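*Asks:* Questions regarding the structure given below will be posed in turn.
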Amino acid sequence: MNILKKFFLGLSILIGFILFFLLGALLLDSFNSSYLKVNKNPEASTSSYLIQNVNLIPMSGDTVLANTQVKIVNGIIEEIGNQLEADNLEIIDAQGAFLSPGLMDLHVHVWDRYELGLYLANGITAIRNLWGQPQHLRLKKAIDQGEILSPLFFTSGPKLTGPDYLGDDNLQLTSPEQAKEKIAFYKKRGYDFIKTYNGLTEELFEAVMEQSEIEGLDLVAHPSAELPYEFHFDPQIITIEHAEDIVQQPLAYQLDTAKLEEVVAGFAAHPNTALCPTLVVYYNIYRLLTEEGILNEKELAYMNPLIRRVDSKAQFERWKNTKKQDPSIVEQIKKQHEFHILAIRKLHESKVNIVCGTDAGIGVTLPGYSIHQELEFYTEAGMSNYEALKTATVNPSKTHDFLKNMGTIEEGKIANLVLTRENPLQDLSTLRKPQFVMVQGRKISRKTLDEFEEKALDRSNEVVSGLRYAEYLLVEK
């Protein structure tokens, strides 16, 4: 009996120590990321300004309005013109800099709060998270309540797959009844939209669409190989993800320009469905194959530490081993990336709505920074700078209702803005270092944005990230 008492006492002490350690890790991470709190950023205490002496890029047209004024009241653009009344508003003298809409990245995976500062530092004022977990609902609540500085944040529920598409990152549906229950549950929980994933059968997909329509939830589709690609051209599906899936599914891994034309025609015939290409995440496979030291690059420190330790390393090893077995894979990946560029050219020429997305947060695709390379790929595909910039501003506003009040600088729109020294219509790279970023009228200076970048480098939250992922497995699976 004494032995048992000692055993249970020791076990209780061990469990208590573990719980104390985990609680301490959560509290420390909360403290370390508290620099994003609005009350710790005095410059963001107001959301009303009069911006003077600014060159305005409204993005409602390919034009620049020289020496303009913009009045912002409570985070909304109230008036645009010349010689506007200040009405006791704080005045910002732009000194001839260029004001354009904040960027939107419509395909990201957020793992912690630090990443939010990285998106802001790169001029991104709205993001769409495509792998919803309980942590994202808490994050969304804090953002919506104005507690932390962040891009506007919208998240899907968990990724929905069929019964045979295994993996702890997916939620396997086994029946139409279960599918409908999950959709209703996600609506009640507060997720913004539904993400369908590879592996969904037609029966399950139909149930998802039926219940999503009842709940008033949009659908975003990672195409399912269980269905014809054209099945995804449905009015309920707002965006289809990944240019690479055009090659992998309707083209059956063949770089077939004739079949590509058929896919392009399908998109053109369904103007309510946009494509979110995520070219940069596929291109990064080529980098994994050709850059031996990529995991040790300084830029990788911007990735969540647990993702870097697990996912980044796993992808590197996967492609390293593939290259050993088949050295021709390097050229194959390069050619497919070039084919993606061709696909974007064809889709753009057919006036398909292309919306910018990066798949940031997985592999070696950096949160925030990757959007600039994504936009460069669009110009490589033949878009002008204005047309490329539309994919991250105007075009997203034509998709979900929750994005419709962004994307242009017009009266009545949300004041999500970036100020750059040079004209992005002439040089997109100027967007990499905006002089300030404004989210719902809250101004964040370059100095503060630089601090956000520095803070994101100095984080060791593997344990906390692991806890949040464990929560997802317990609650959602």
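The values are calculated or read from the model by the stated rules, or taken from the named source; none is laboratory data. Every value quoted in this text rests on a predicted model; they were computed, and no experiment measured them. Methodologically, a virtual Cβ is constructed for each residue, glycine included, from the backbone with ideal geometry; neighbour enumeration extends over all protein chains shown. Each accessible area value is taken on the protein alone, full model and side chains, heavy atoms only, with ligands, DNA and RNA left out. Shrake-Rupley method; radii C 1.70, N 1.55, O 1.52, S 1.80 Å.
*Asks:* How big is the antiparallel share of DSSP beta bridges in the chain, given as a percent to the nearest 5?
*Replies:* Working: 23 of 53 bridges.
That works out to approximately 45 percent antiparallel.
*Asks:* Of the labelled options [x] 167; [y] 188; [z] 227, which one gives volume of the Cα convex hull per residue in Å³ as computed for this structure?
*Replies:* [x]
*Asks:* Got a sec to turn the phi values of region 32-42 into Karplus ³J(HN,Hα) couplings, 6.51 cos²θ - 1.76 cosθ + 1.60 with θ = phi - 60°, whole Hz, x for Gly and Pro?
*Replies:* 5, 9, 6, 4, 7, 5, 4, 6, 9, 10, x
*Asks:* How do Val208, Val463, Val281 stack up against each other in accessible area, from largest to smallest, with a 1.4 angstrom probe? Write down the numbers at each step before the final one.
*Replies:* Working: Val208 0, Val463 65, Val281 25 Å².
Largest accessible area first, the list is Val463, Val281, Val208.
*Asks:* Would you please give the residues with an amide H less than 5 Å from that of Ala274, counting only those at least 5 places away or on a separate chain, with H modeled from the backbone geometry?
*Replies:* Answer set, sorted by chain and number: Thr239, Ile240.
*Asks:* Which percent of Cα-Cα pairs in region 39-190 sits in each 5 Å bin, short to long?
*Replies:* Histogram of Cα-Cα distances, whole percents per bin: 2, 8, 13, 15, 14, 13, 11, 8, 6, 5, 3, 2, 0.
*Asks:* Could you state the accessible area per residue of region 295-437 in Å², with a 1.4 Å probe and every protein chain left in place?
*Replies:* 42
*Asks:* If each of Glu299 and Ala268 carries a label point 7 Å out from its Cα toward its Cβ, how far apart are those two points in nm?
*Replies:* That separation, rounded to one decimal, is 3.5 nm.
*Asks:* While we're here: Collect residues whose amide H, placed 1.01 Å from N in the peptide plane, falls under 5 Å from the amide H of Glu226; neighbours closer than 5 in sequence don't count.
*Replies:* Correct list: Gly199, Leu200.
*Asks:* While we're looking at this one, here's another question. Only Lys, Arg, Asp and Glu count, each charged at its Cβ (+1, +1, -1, -1), so figure out the dipole size of region 311-446 about its Cα centre, rounded to 20 debye. Display every interim value, and only then the final one.
*Replies:* Working: 20 positive and 16 negative charges, 62 e Å.
Computed charge dipole of region 311-446: roughly 300 debye.
*Asks:* Can you find, among Phe231, Thr201, Ser212, the residue sitting farthest towards the positive end of the charge dipole of region 126-246, where Lys and Arg contribute +1 and Asp and Glu -1 at Cβ?
*Replies:* Positive-end residue among those listed: Ser212.
*Asks:* Given R₀ = 30 Å, what would the calculated FRET efficiency be for Ile91 paired with Lys351, taking r from the Cβ atoms and rounding to 0.05?
*Replies:* 0.15
*Asks:* Of the peptides 415-421, 396-402, how do they stack up when ordered by the mean number of other Cβ atoms within 10 Å, highest first?
*Replies:* In descending order of packing, they fall as 415-421, 396-402.
*Asks:* Another question, then. Considering region 364-477, what Rg and Dmax in Å follow from its alpha-carbon atoms?
*Replies:* Calculated on Cα positions, Rg and Dmax stand at 17.4, 50 Å.
*Asks:* What is the calculated FRET efficiency for Asp326 to Gln248, with r their C-beta to C-beta distance and R₀ = 25 Å, to the nearest 0.05?
*Replies:* 0.90
*Asks:* How large is log10 I(q)/I(0) at q = 0.16, 0.22 Å⁻¹ when the Debye formula is applied to the Cα atoms of region 164-236, each weighted equally and without solvent?
*Replies:* At q = 0.16, 0.22 Å⁻¹ the computed log10 ratios are -0.51, -1.00.
*Asks:* According to a simple spin-label model (label point 7 Å from Cα along Cα-to-Cβ), what is the distance in nm between Glu411 and Leu28?
*Replies:* 5.4
*Asks:* Additional query: For the chain, with the dipole built from +1 on Lys and Arg beta-carbon atoms and -1 on Asp and Glu ones, taken about the Cα centre, which of Thr273, Asn129, Leu118 lies farthest toward the positive end?
*Replies:* Leu118
*Asks:* Still on this structure, please answer the following. Any idea what the dipole of the chain comes to, in debye rounded to 20, about its Cα centre with Lys/Arg Cβ at +1 and Asp/Glu Cβ at -1? Kindly include the intermediate steps, with their values, before the conclusion.
*Replies:* Working: 47 positive and 64 negative charges, 322 e Å.
Using only the charged Cβ atoms, the result is roughly 1540 debye.
*Asks:* Which of Val463, Tyr378, Ile77 sits farthest toward the positive end of the charge dipole of the chain, with +1 on the Cβ of Lys and Arg and -1 on the Cβ of Asp and Glu?
*Replies:* Going by the Cα projections, it comes out as Val463.
*Asks:* Also, quick follow-up: What value, in deg cm²/dmol to 500, does the helix sum -39500 (n - 2.57) over DSSP H runs of n ≥ 4 give at 222 nm once divided by the residues of the chain?
*Replies:* Taking each H run of at least 4 residues, the total per residue is -12500 deg cm²/dmol.
*Asks:* Pop out the ³J(HN,Hα) list for region 234-242 in order, Karplus 6.51 cos²θ - 1.76 cosθ + 1.60 with θ = phi - 60°, rounded to Hz; leave Gly and Pro as x.
*Replies:* Ordered by residue, 3J(HN,Hα) equals 10, x, 6, 8, 6, 9, 9, 9, 6 Hz.
*Asks:* Still on this structure: In whole Hz, what ³J(HN,Hα) sequence does region 311-325 give by Karplus (6.51, -1.76, 1.60; θ = phi - 60°), x for Gly and Pro?
*Replies:* 6, 4, 5, 4, 5, 4, 5, 4, 6, 5, 5, 4, 5, 5, 6
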